[in-house]
Amino acid sequence: MDPLKLSTRNVVESILVLLLFIALLVALYDVMQLFLGVLTFALIFCVSFVDVFERLCRWLGGRRSIAAIVYVTVLLFIVALPVILIFSAFHTHANELNNWVEAWKTKGLPDLPASVKTLPIVGHELQLFWAHIQTDPQSILNEKDPEAKSMIQQAIHSGTGILGVSIQFIAGIAISAFFLAQRHQMLNPFRAASQHLFGEKDGNNLFQITEQAIKGVSIGVMGTAFITAGISWIGLAIAGIPFSLGISALIFFLVVIQVGPLPVWIPLTIWLFIEGHTGMGIFMVIYGIVVIILENIARPLLIAKSGEIPFLVLFVGVIGGLSAWGFTGMFKGAIVVAICYTVFNSWLAKKNGLNNKVENQP
């Protein structure tokens, strides 16, 4: 057979195999896309609690399955149960709001509380607006109806999104227990594949850098959430907010999913002003600003301290990935940038090594 035809045939076959492989990867991504959120949460919990889990295994005499059951039970009780209780409370207050609207339709609006009328800056404006609603409610309803519908739709959409993330969050805890129990068996195939693709030395380096990137983002996310929730609990306790521990757990959850504490903090501050606790309301405003500043300072600091990858490289990957792909993008971006950084440094080191050999030759 003609060697040229044989070579052309081999090239065509190689291209077809490559195209088939790419198509399979695209199809695999489409299949796994639904589970990326759950797997991301599982990854966060795995990296954040791996040392605690290994210590628990030693206490239980190396019985990893029992350790996984204890781990899931404790974590669900600490994290998931308060979130469920908060959503239940929201449902109760939604029913109360519905009853209040029905009473308004039949009896009219009550007078505005005196504590609200005396609020600084906005009290007088609120009093005038409330009086206008009392005298001519229909005109206000007609005027604000489109805005109200839009706000309700946005609230429903946001609530549905947060509920979906809550389910992923809880599922991530359960899956992380399986990952931790089978940690070594699950990591070995990825380490072997990395060594086959890039060589033993570069493959090990690439695997370690990827692990460092995931660890850096995970510690940044979980550490920031713990710090924000802890500081928030202190402020809520000082302000005398009921169920401050459960609310702090909800803030922890919102910080983990990158929403932040504001959706909880703002309604609580408004509630304090309405109840007449003006001093504590002002305290909550100032304390909330401090919490937000600390949250935004803690995240990059924890990411910078958590690994051997340069802070700027990891931070660019986190922010770029978050902007491009949302919550899971923090990990995708960090991993992609870390791999590119490692491959580039490895290539540069090889080139420098070859140049030094050439220069040293007589």
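The values are calculated or read from the model by the stated rules, or taken from the named source; none is laboratory data. As the structure is a computational prediction, the values presented were derived from the model and not from experiment. No Cβ is skipped: glycine too gets one built from the backbone with ideal geometry, and neighbour counts run over all protein chains shown.
Just need a number here: residues in region 235-285 that are without any contact (Cβ under 8 Å) to a residue 60 or more places away in the chain, at positive phi and in contact with a Phe, Trp or Tyr (Cβ under 8 Å, 6 or more places away or on another chain).
The qualifying residues number 0.
Somewhere in region 294-302, is a residue surrounded by 18 or more Cβ atoms within 10 Å (Cβ to Cβ), at pLDDT 80 or above, more than 21 Å from Lys215 (Cα to Cα) and hydrophobic (A, V, I, L, M, F, W, C)?
no
Only one residue in Phe253, Phe283 is more than 22 Å from Ala334 (Cα to Cα) and not hydroxyl-bearing (Ser, Thr, Tyr), so which one is that?
Phe283
I'd like to verify a number: residues in region 235-283 that are modelled with pLDDT of 80 or more, hydrophobic (A, V, I, L, M, F, W, C), more than 28 Å from Phe77 (Cα to Cα) and crowded, with 17+ Cβ neighbours inside 10 Å, how many?
Here the count works out to 2.
Take the conditions modelled with pLDDT under 75, in a helix (DSSP H, G or I) and in contact with a helix residue (DSSP H, G or I) (Cβ under 9 Å, 6 or more places away or on another chain) and apply them to Ser115. Does it pass?
yes
Can you report the number of residues in region 53-75 which are in a helix (DSSP H, G or I) and more than 21 Å from the chain's Cα centre (by Cα)?
Selection size over region 53-75: 15.
Residues are listed down the side, and each one gets a yes or a no for (1) part of a loop (DSSP other than H, G, I, E, B); (2) closer than 26 Å to Arg58 by Cα; (3) over 24 Å from the mean Cα position of the chain (by Cα); (4) not polar (S, T, N, Q):
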site	(1), (2), (3), (4)
Phe178	no, yes, no, yes
His184	no, yes, yes, yes
Ser194	no, no, yes, no
Lys201	no, no, yes, yes
Ala213	no, no, no, yes
Gly216	no, yes, no, yes
Ile227	no, no, no, yes
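Of the residues Ala334, Ala349, which is at pLDDT 65 or above and under 23 Å from Leu254 (Cβ atoms)?
Result: Ala334 is the single residue among Ala334, Ala349 that is at pLDDT 65 or above and under 23 Å from Leu254 (Cβ atoms).
Would you call Phe344 aromatic (Phe, Trp, Tyr), out of contact with any strand residue (DSSP E or B) (no Cβ under 8 Å at 6 or more places or on another chain) and surrounded by fewer than 19 Cβ atoms within 10 Å (Cβ to Cβ)?
Taking the combined requirement at face value, the residue satisfies it.
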